[in-house]
1. When all protein chains stay in place, what accessible area (Å², nearest 10, 1.4 Å probe) is found for residue A:830?
2. How would the stretch A:345-418 be classified by its alpha-carbon gyration tensor: rounded, prolate or oblate, with rounded meaning a/c under 1.5 and the a/b versus b/c comparison settling the rest?
3. Please name which of A:105, A:867, A:887 has its Cα lying farthest along the dipole of chain A towards the positive end, using unit charges on Cβ (Lys, Arg +1; Asp, Glu -1) and the Cα centre as origin.
4. Under the rule a/c < 1.5 gives rounded, and otherwise a/b versus b/c splits prolate from oblate, where does chain A land using the Cα gyration tensor?
5. Using just the Cα positions, wrap the stretch A:802-871 in a convex hull and report its mean projected area in square nanometres, one decimal place.
6. Largest first, please: the extent of the C-alpha atoms of the stretch A:558-629 along each principal axis, to the nearest Å.
7. At 1.4 Å probe size, with no ligands or nucleic acids counted, give the accessible surface of residue A:492 in Å², nearest ten.
8. Using DSSP to define loop residues, name the trypsin sites (Lys or Arg not before Pro) in the stretch A:452-540 whose beta-carbon has at most 10 other beta-carbon atoms within 10 Å.
Amino acid sequence: MSSEYDPKQIESKWQKVWEKDLYNAETESTKPKYYALIEFPYPSGDGLHVGHPRPYIGMDVIARKRRMEGFDVLYPIGWDAFGLPTENYAIKTGRAPREITIENTDTFRKQIKSLGISFDWSREINTTDPKYYKWTQWLFLKFLEHDLAYKAKIAINWCPKDKIGLANEEVVNGCCERCGTPVEKREKEQWMLAITKYADRLDKDLDTVDFPERVKTQQRNWIGRSEGAEIDFETTTKEKIKVFTTRPDTIFGATYMVLAPEHDLIQKLKSQISNWDEVGEYIKKAKSKTEIDRTGDKEKTGVELVGIKAINPATKEEIPVWIADYVLPHYGTGAIMAVPAHDQRDFEFAQKYNLLIKQVIAPIFVDKVNPTIEGAENTERNGVIVLVKHWSEEKYLLNYSPKFNWKCLFTGGIEEGENPLESAVREIQEETGYQNIKEARYIPLEHVDKFHAPHKGVNRIVTQKNVFIQLADGEKREISQEEMDLHHLSWLTKEEMRETITLQNHLFIFNFEMSGGSSIPGSGILINSGKFNDMDSGFAQKEISEFVGGKMVTRFKLRDWVFSRQRYWGEPIPVIHCEKCGIVPVPEKDLPVMLPEVKNYQPTDNGESPLATISDWVNVKCPKCGGEARRETDTMPNWAGSSWYFLRYTDPFNDNKFASKKSLDDWMPVDWYNGGMEHTTLHLLYSRFWNKFLFDIGLVPTSEPYKKRTSHGLILAEGGEKMSKSKGNVVNPDNIIERFGADTLRVYEMFMGPFEQAIAWSEDSLVGPRRFIEKVWKLKEKVIDSKEEFFGSPNLHKTIKKVTNDIELMNFNTAISNMMIFVNALEKQEKVFQDEYEALLKLLNPFAPHITEEIWHELGHVTLLGFESWPDFDENKLEDNEVTIGVQINGKLRATLVLDSNSGEEETRLKALALPELAKWLEGQTPKKVIVVLGKIVNIVV
RNA sequence: GCCGGAGUGGCGGAAUGGUAGACGCGCACGACUCAAAAUCGUGUCUCGCAAGGGGUGGAGGUUCGAGUCCUCUCUCCGGCACCA
């Protein structure tokens, strides 16, 4: 049976066999069902390069393993001809996607097949097919029926170059995702899907699914849940301004209000605003700004509404009302209460326009060495912390206290009848000897220090005022030896101070003063807040919000989904506009609403769908009253078809339903869905939304469509850049298959690095996997039949265990490296038992299906290896007879010890201690302690 | 700014708190060969002739023992971002 390894011949042979036998799921079988899904493999104008197939290979490994484990596997393929790359290409070429995809999908199909990917080709579906999109339209009408689809006038993003409207997700940094042109805003009537109604569940249900943390976080960021309060502020004109805030506890510090320039109230109050000229001008300017201008401007601007005041419902004080474009119209209520002391944006604005800054939360610092002890008595004090500046240099006085090993500022208590400034001056004069003070002023920051005073057995809670002192000159009084021992003084620069100060509260104060003040973040104890003083800020939120008549609400950043496109391609939205009856859904029997054949697919200049000009198609009779009516000319986005394709895959040929209940019950939810990170806030979110809605109306069996989601890393070009045709750094998989074979390419792509991580392609490294495969091939010459009962070596059992687990964790690289280790070991043997070899072939089959299938048949089998059962391992046979363990002295490795694997602890200890190599380290010392970890290590402590 | 993820040889990367650098690439030497390729063997973190020492971005800490856990810090990648 000796022959040259010829991948080309072997691979084409088996690919033909599989097309009949392996790829097609046996849907009628009684085997347990397993649904593996991969993100749409879309054919793009750029063609396929080696960066593409890696995720398919990864999922193919899983799918092939599942088959061997006895599952009936649904592993489908389909394409979205409305998909972005195709659409992009369509815009460039002016041809309909339908024309383009035929050639691209053919190439793509061929390339994927040549890799031995075991997709279920028989279920291939195409979302441009009216048989498919009929059901997309039908599902849209379900949304309409349940008031989750509605029409609204909104500002859409318009790309002036491509002349098409863009969805939010197609706008990157204010520019068109395809061509980079800055987008304009246009007001248009658009179909919307009310995804915000599901925001809460889309967020919360993430807890119930097995997605990678980064995917969950990204979705949560996007959904943007925030808990807060809605509070009404009354104006002097008796209007109400509703604000949303996540920090109702800071309301006593709300010293002004800001409305978005678009806020409705402004027009209403026009007559009472005495500086309307200025205000009107500002509003006009704000509206003309694009989204980038507005968010790009870091310098805040605004205008006060003179003549209007609001009343802070907590303090009952009158506060000014401003408009500023840093407040966004579409988030919250479009109005805010500004708390400059505790919000950085408000702080910047207040500084610029000289508005009042009032601290209402004192941050708390708990001493790290002597933290407060629960149960101990709390005693309250007032104190002062003092920062001292040099009389002529940019230097500050550092106080080193040897007693506590503190490097800090100066602290002191406030005595009876003293104000904090006086205390500060007194402390400095006493502790440093410096007498002449040029300036003493408050640092506008108050905080609370908490620590335990062990000698008194009490907790101290000290409310600290902070004071800045600049000396007038260096004149110094003699100070007592006692004081000199307590305080070692040194003058340091700003940077040195920052590096030297060891107390975090002192450092905080220093940085606060050095930055010229800033907003005070976080939580703490309420101050200047009337009856809520001394309360914990987090705890006070609800109470304060009730006190001012507000209510706690949850808000989301997520906005409703703009579902209209003014483009030719895409499923026509199946409704008819009738003058008498209004919006009438197309009756089910008339679905699908097909796209008319047209000559020109180009978008129009006026932003209307190209369909609007086709009067034959547009003018119809109203299905309800039979009168004159017009079709909706907007089409759906590419995401419509892709939001439910995984449901259709379970039953792709059903003409009566979007999918039968039985198929859905059998296959859903998807057990494992792998896709790129770029779909996290798009396809993944949309399809979860659709599925949840369909679950609510009883059409699908589970509320989450995907049990487990993973995401792959991209393969980058050899230089580490993204592969793209325009950069000319693409690698064509055909060439690699031609030179090395598909099995080598598959093994390499799985071996090159962790699956979830981006990794650079390296042509040189391909030879490793090729050598490995050739070694496996050559091993067959050593095979002997194992006549007597076969137990398998510990090596085999270890390899089976490792490979089995690693595949589940998508640690394909280490799975392969373990098989390499095993093969290297077999190679050194004179003969190889057939059973052991066959087990190896099974393990390798998901990675290198062609060669393993070929060898399997050369060994005399007639059945397909792909349907053999996955090998088991025996926990009891994992152990070698001998183990090598390390022997350490004080944690340093000094020797190794070979032991019988079932040696006990005592035996291990004695043998380790008796090692001659250790003599020179022990030098007659008696070990204090010997730690024995069986089978791992012995550590001798001397 | 906020939220995630990651920093280990010449390179890709391995290491349930237990012998750091598995496996692969590359490189060096050797065998086979007239020769080369292929293949096989040996070696390959670093300083040192050696005994030994040092070493997982940096500084501390916990532990008998830390790449792994904790605190601080630096750098890189990804996402969100005047989001109240």
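1. Around 150 Å² of this residue is reachable by solvent.
2. Oblate shape, in that a/c is at least 1.5 and b/c is the bigger or equal ratio.
3. A:105
4. Cα axes put chain A in the oblate bin.
5. With the hull built on Cα positions only, its mean projection is 4.7 nm².
6. 38, 34, 23
7. Accessible area, nearest 10 Å²: 30 Å².
8. Answer in residue order: A:477.
The values are calculated or read from the model by the stated rules, or taken from the named source; none is laboratory data. All figures in this text were calculated on a predicted structure; none of them were measured in a lab. Don't worry about glycine lacking a Cβ; one is built from the backbone with ideal geometry, like all the others, and counts go over all protein chains shown. Only protein heavy atoms, including side chains, enter the accessible area calculation; ligands, DNA and RNA are left aside. Shrake-Rupley method; radii C 1.70, N 1.55, O 1.52, S 1.80 Å.
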